[in-house]
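What follows is one structure encoded as structure tokens, with my remarks underneath.
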Amino acid sequence: MSVSSREVHKRRAHITALPLYYTGHLSKKHSYETDFKKNFAELRGDTLFLYKDDKQDTYTEKLNLLQLRSMKLASPYQRKIPTIFIIIMHTEEVHLKMDNPDIGEEWRAYIMTMVKKEIPSQLQLLPGQRLLLEDALAQEKIRISQVEKPPLPPRPAHLLGASVPPQKDTRPEMLPCFFNVTRQEAENMLRQNPEFGDIILRPSAMANNYALTLRHVTAKGPVMKNYRLIYTKSGFIIQLETAVTVSSLQEVLEYFLEKTEYKLHPYTPGGIYETRIAVMHPECVTPSTQTNVHKEQVAPAMLMCSENKPGEGEYVVPIEHNLNKAG
């Protein structure tokens, strides 16, 4: 017995927990693939969900549009010719094909509006289509304003006295991936919610200092690594075998993103409920064009994995890492 379209829509809304803004058929392939694969697509919130067809209630793939860097045409518009967009993400390149330029323009309008939270200046839409787009944007802004981060675990009493440096450009609350948690709490957050990201900035057990906890997947499974960040008047020292000095916590994060080739992502809780095991890495910051980093650095000298957990003050040389010594 087939399921009604109303029931399918209801199930999708429950699974994704996001408002529906636009739907339609499109084809998708990665840059390394030869053939396009047909999908039924739904734009919910700032995420594009792909289904095998319009009868399937559970999505087969999703694209987090907050990771979008650019969306451009593969070739100039041509009437009655399918439109292909090249979608550049932080971690991949995706090609989307629509049946004709009119449908492609609507998809572009909705995707870019949900990413930028504003309507693009130049659109080839009818007045009625534009009104629907404006309504969708208003709804999305309300949704974003109501999104709340989950409550943090209680902080141990011996760490409650740790103060935060007062300087403007080093305030940890300016970074969405900073959490006022201990090492164990940070590791539990990364372990239990890998889809939210891999990197957490947090206070150190040492007063007025900070630490960075990351989850790194190796051939033997995921391991937790912790790095100490020493606060000084001139900035922060990343405590490696050869120390690296940067001017702010923002640049600390950028340094680790660069050294891991953007394969890891800052931990940012989201609002999508999963029905299958998958890893997604939402982006937290945009790297600056230049970072003042001393280039003679080697691998960080802290490691922590789930099978061997040293204490807060114990540091060991990592067995596996992605932060290689610069040539």
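S145 meets the conditions (1) over 24 Å from F40 (Cα atoms); (2) modelled with pLDDT of 85 or more; (3) open to solvent by 40 Å² or more (accessible area, probe 1.4 Å) in every case but one. The failed one is (2). Within segment 59-72, being at pLDDT below 90 and open to solvent by 50 Å² or more (accessible area, probe 1.4 Å) holds for L66, R69. The single condition from (1) open to solvent by less than 50 Å² (accessible area, probe 1.4 Å); (2) within 30 Å of L264 (Cβ to Cβ); (3) of a type in the set (V, I, T) that V8 fails is (2). Among the conditions (1) modelled with pLDDT of 90 or more; (2) crowded, with 20+ Cβ neighbours inside 10 Å, K97 misses just one, which is (2). Taking the criterion of being within 16 Å of K29 (Cβ to Cβ) and out of contact with any Phe, Trp or Tyr (no Cβ under 9 Å at 6 or more places or on another chain), the only residue of segment 49-81 that qualifies is S75. Of the residues in segment 78-87, not one is without any contact (Cβ under 8 Å) to a residue 60 or more places away in the chain, open to solvent by less than 70 Å² (accessible area, probe 1.4 Å) and on the phi > 0 side of the Ramachandran plot.
Would you be able to say whether some residue in segment 189-204 is open to solvent by less than 20 Å² (accessible area, probe 1.4 Å), among the polar types (S, T, N, Q) and over 19 Å from K263 (Cβ atoms)? Scanning segment 189-204, I find at least one residue that is open to solvent by less than 20 Å² (accessible area, probe 1.4 Å), among the polar types (S, T, N, Q) and over 19 Å from K263 (Cβ atoms), so the answer is yes. Say we look at segment 129-148 and pick out the residues that are among the hydrophobic types (A, V, I, L, M, F, W, C) and not in a loop (DSSP other than H, G, I, E, B); which of these is nearest to the chain's Cα centre (by Cα)? The extreme case among them is I144.
The listed residues are E92, E42, and the only one of them that is closer than 28 Å to E118 by Cα, open to solvent by 20 Å² or more (accessible area, probe 1.4 Å) and under 23 Å from the mean Cα position of the chain (by Cα) turns out to be E92. When segment 11-21 is filtered for residues that are buried (at least 16 other Cβ atoms within 10 Å of the Cβ) and outside any loop (DSSP other than H, G, I, E, B), the ones remaining, listed by number, are R12, I15, T16, L20, Y21. When the residues of segment 205-221 are narrowed to those that are of a type outside the set (A, V, I, L, M, F, W, C) and over 22 Å from P269 (Cβ atoms), which ends up most open to solvent (accessible area, probe 1.4 Å)? Of everything passing the filter in segment 205-221, K220 is most open to solvent (accessible area, probe 1.4 Å).
Of all residues in segment 241-252, those that are over 21 Å from H265 (Cα atoms) have Cβ atoms under 6 Å from Cβ atoms of residues that are open to solvent by less than 50 Å² (accessible area, probe 1.4 Å) and part of a loop (DSSP other than H, G, I, E, B), 6 or more apart or on another chain, in E241/V298; E241/A301; T242/Q297; T242/V298. For segment 222-248, name all the residues that are open to solvent by 30 Å² or more (accessible area, probe 1.4 Å), out of contact with any Cys (no Cβ under 9 Å at 6 or more places or on another chain) and not hydrophobic (A, V, I, L, M, F, W, C). Passing the criteria: R228, Y231, T232, K233, S234, Q239, E241, T242, T245, S247. Only a single item in (1) surrounded by 13 or more Cβ atoms within 10 Å (Cβ to Cβ); (2) outside any helix (DSSP H, G or I); (3) modelled with pLDDT of 90 or more is not met by R155, and it is number (3).
The values are calculated or read from the model by the stated rules, or taken from the named source; none is laboratory data. Fair warning: this is a prediction, and the values are worked out from it, not measured in the lab. Virtual Cβ from ideal backbone geometry, glycine too; neighbours counted across all protein chains shown. The accessibility values were calculated without ligands, DNA or RNA, using every heavy atom of the protein model including side chains. Shrake-Rupley method; radii C 1.70, N 1.55, O 1.52, S 1.80 Å.
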